[in-house]
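The values are calculated or read from the model by the stated rules, or taken from the named source; none is laboratory data. Note that the coordinates shown come from a computational prediction; the quantities given were computed from them, not determined experimentally. Note: ideal-geometry Cβ built from the backbone for every residue, glycine included; neighbour counts use all protein chains shown.
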Amino acid sequence: MISRFKAPFIVFIFSIFIAFCILIGIKISGVAFNKLGFPSEYSVYYFFLSILGSYVNIPVKSVMPCIHLIDIQRPGHSLTSHETGWNKSIAVNLGGAVIPVLMSIFLSTMVRMVEAVIGILVMTIIVHKISKPVFGSGIAIHVVLPPLLAAALALMISPQDAPLLAYISGTIGCLIGVDLLNLKKLPDLGVPAVSIGGSGTFDAIFLTGIISVLLA
């Protein structure tokens, strides 16, 4: 009798845990949106659009990474070499690229453009330096560092507009520094598809957009 109800009970507990995490995430997003000057209700739409959008990749280009092969012939014969490869698609992730960029464009109208550009440039340089190409995975970066860096940078540039600058510099800086500047490396890292703002980068961008605003 106990084993009969064990599986459903575990599923029930796991579902409660997931629901609790979602509610906490929405609550935190609501606080962040208040600091950005939006009603907290908007955070619900942002939260779910970003999560659901992370599964949507918009193809923009197809590339063919080259692999150099050398045919070894018998003694007395010359070696021949040729290139081969397979098509890989480059896509833009809806939740990790399109939505944050649109949000940043809107928020940039509320701050001084010079300050926003400085924040983006500095964040881009830093995250590009600390990100590392990993064969089979893509570009890796610690998800905790970008939010901390974006918040600290925004507070130094403009304390009164720190939440807005933290979001703009953090999200756009991650997109450019992690994905765009490493775009030429991505097709040769053994990943089946390249998604700008997707995969591991989505976690960094999403958390940066929320946590950096809370810290700023």
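Name the pairs whose Cβ atoms lie under 7 Å apart, with the first residue in region 157-168 and modelled with pLDDT of 90 or more, the second surrounded by fewer than 24 Cβ atoms within 10 Å (Cβ to Cβ) and among the hydroxyl-bearing types (Ser, Thr, Tyr), and 6 or more positions between them or separate chains?
Close Cβ pairs (under 7 Å, with a partner that is surrounded by fewer than 24 Cβ atoms within 10 Å (Cβ to Cβ) and among the hydroxyl-bearing types (Ser, Thr, Tyr)) amount to LEU165/SER158; TYR167/SER104; ILE168/SER104; ILE168/SER108.
Out of ILE51, ILE24, which single residue is surrounded by 14 or more Cβ atoms within 10 Å (Cβ to Cβ), at pLDDT 65 or above, of a type in the set (Val, Ile, Thr) and within 26 Å of the chain's Cα centre (by Cα)?
Unique residue meeting the criteria: ILE51.
List pairs: first in region 45-72 and under 20 Å from LEU180 (Cα atoms) and among the small types (Gly, Ala, Ser), second at pLDDT 85 or above and part of a strand (DSSP E or B), Cβ under 8 Å, 6+ apart or cross-chain?
What qualifies is GLY53/ASN93; SER54/ASN93.
Residue pairs, Cβ under 8 Å, 6 or more apart or interchain, first in region 105-125 and in contact (Cβ under 8 Å) with a residue 40 or more places away in the chain and in a helix (DSSP H, G or I), second aromatic (Phe, Trp, Tyr) and surrounded by 18 or more Cβ atoms within 10 Å (Cβ to Cβ). List them.
From residues that are in contact (Cβ under 8 Å) with a residue 40 or more places away in the chain and in a helix (DSSP H, G or I), the pairs are LEU107/TYR167.
Looking at (1) surrounded by fewer than 24 Cβ atoms within 10 Å (Cβ to Cβ); (2) modelled with pLDDT under 85, which is the only condition LEU180 fails?
The number of the failed condition is (2).
Among (1) surrounded by 20 or more Cβ atoms within 10 Å (Cβ to Cβ); (2) under 16 Å from ILE139 (Cα atoms); (3) at pLDDT below 85, which single condition is THR208 missing?
Among (1) surrounded by 20 or more Cβ atoms within 10 Å (Cβ to Cβ); (2) under 16 Å from ILE139 (Cα atoms); (3) at pLDDT below 85, THR208 violates only (2).
Since LYS185 meets every condition but one in (1) farther than 16 Å from VAL122 by Cα; (2) surrounded by 21 or more Cβ atoms within 10 Å (Cβ to Cβ), which condition does it not meet?
(2)
Tell me, yes or no, whether region 63-77 has at least one residue that is at pLDDT below 65 and among the acidic types (Asp, Glu).
yes
Which condition number does THR84 fail, the rest of (1) surrounded by fewer than 16 Cβ atoms within 10 Å (Cβ to Cβ); (2) modelled with pLDDT of 65 or more; (3) among the hydroxyl-bearing types (Ser, Thr, Tyr) being met?
Condition not satisfied by THR84: (2).
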